[in-house]
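Notes for the one structure printed next.
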Amino acid sequence: MKFLVLGASHCLSRALAREGRRRADIVVETHEISALQQKGWVFEQCDAVIVPPLSHPASATPAEVVAHAALVEEVLSHCVAQNLPLVWCVSDEMFEAGSPTPISESLVPDPIDKGLRRLVEAGMRVREELPHHIILRVGPLFALDGEHAWLPDIIATLAGGNDVRVPEDVVVGPASAESLAMAMIGILMQLKYGADSWGSYHLSGIEPVSLYAFCGVVRTQLVTLLEGQGLPADFGDVKPLSHHHDQPLRRVLSCQRLLDTFGIHQRPWRIELERLLMQWCETQTQQGVSQP
């Protein structure tokens, strides 16, 4: 199978590319959007087009949100014309108000924010115009490299001796970009070979956690790993912020339909995070320094 991924520098694109190099049954081509626009959006001999998520759309500029929605709609028109499946990953921030219970895949986001509503409009067009589509809503992604990887910013801030300030009352299900990449490939392989289960799905890391607690785990594990290797670990602190004074905002995605349909389990974010931090610390050991 051959997948075309838009946005070569996105952390998900890089994770998909790495997975493609490890496997002999798939080919992953990553392209910058501007390059494809110059070529006229010709998707030759491609089995699916993948659009990575716009991370943090709730805090992105209106221009960024509008541009992303327009991109999805432009790609949609070409997928319809060329009869190609489209996979669009969407941030869990689309569920603006959160939910006290896990959010079902059947629920369509209904945000108040104008920019987020523009993304909902793009999603409605995908559902109406292209039967062969996957809209994959995902929790916050983390990786060691690529745009929107989240983790490098946390590490760089802490390693620079500065404090990381994050909400303690926003609860999410983080997921590694690598786990998302492997899940997407599994979904598309099953669809290619007979499954007919298109539609909307959720993927997030298991064990809901506040943004504050997640960053606290990052700091604790870094200190433990570096000190265990005899390297200095003079990190900044993780400071809590309070954005929701009444009750915590929970954006926890139910991933049951993904499990029931494709047999794809949520991966524990703690295990994924530890693996990545060990990889980062090994690099520091090789360099003989503790700064990124």
If you check Gly230 against the conditions, is it over 21 Å from Val87 (Cα atoms) and assigned to a loop (DSSP other than H, G, I, E, B)? yes
When both residues are 6+ apart or on different chains and their Cβ atoms are under 7 Å apart, which pairs have a first residue that lies in segment 214-230 and is over 14 Å from Pro152 (Cα atoms), and a second that is among the acidic types (Asp, Glu)? Gln221/Glu274
Evaluate segment 125-136: report whether one residue or more is open to solvent by less than 10 Å² (accessible area, probe 1.4 Å), in contact with a strand residue (DSSP E or B) (Cβ under 6 Å, 6 or more places away or on another chain) and more than 26 Å from Cys79 (Cα to Cα). no
Here is a list: Arg270, Arg257. Which entry is more than 23 Å from Pro167 (Cα to Cα), open to solvent by 80 Å² or more (accessible area, probe 1.4 Å) and either small (Gly, Ala, Ser) or out of contact with any Cys (no Cβ under 8 Å at 6 or more places or on another chain) (or both)? Arg257
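For segment 161-170, enumerate the residues that are open to solvent by 50 Å² or more (accessible area, probe 1.4 Å) and either under 20 Å from Trp280 (Cβ atoms) or among the aliphatic types (A, V, I, L, M) (or both). Show your work before the answer.
First pass over segment 161-170, keeping only residues open to solvent by 50 Å² or more (accessible area, probe 1.4 Å): 162-163, 165, 168.
If the condition is that a residue be open to solvent by 50 Å² or more (accessible area, probe 1.4 Å) and either under 20 Å from Trp280 (Cβ atoms) or among the aliphatic types (A, V, I, L, M) (or both), then Asn162, Asp163 are the ones that fit.
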Within segment 139-152, identify whether any single residue is open to solvent by 50 Å² or more (accessible area, probe 1.4 Å), within 23 Å of Ser13 (Cβ to Cβ) and either assigned to a strand (DSSP E or B) or out of contact with any helix residue (DSSP H, G or I) (no Cβ under 8 Å at 6 or more places or on another chain) (or both), and answer yes or no. yes
How many residues does segment 171-191 hold that are closer than 16 Å to Glu272 by Cβ and either of a type in the set (D, E, K, R) or open to solvent by 50 Å² or more (accessible area, probe 1.4 Å) (or both)? 2
Are any residues in segment 192-215 surrounded by fewer than 19 Cβ atoms within 10 Å (Cβ to Cβ) and assigned to a helix (DSSP H, G or I), and if so, which ones? Lys192, Ala213
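Condition check ((1) of a type in the set (Asp, Glu); (2) at pLDDT 95 or above) across all residues:
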residue: Asp92; (1), (2): yes, yes
residue: Ile103; (1), (2): no, yes
residue: Ser106; (1), (2): no, no
residue: Pro109; (1), (2): no, no
residue: Gly115; (1), (2): no, no
residue: Glu121; (1), (2): yes, yes
residue: Arg137; (1), (2): no, yes
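The values are calculated or read from the model by the stated rules, or taken from the named source; none is laboratory data. Owing to the predicted nature of the structure, the values given are computational and were not obtained by experimental measurement. Reconstructed Cβ throughout: ideal geometry from the backbone, glycine too, with neighbour counts over all protein chains shown. All accessible areas refer to the heavy atoms of the entire protein, side chains included, with ligands and DNA or RNA removed. Shrake-Rupley method; radii C 1.70, N 1.55, O 1.52, S 1.80 Å.
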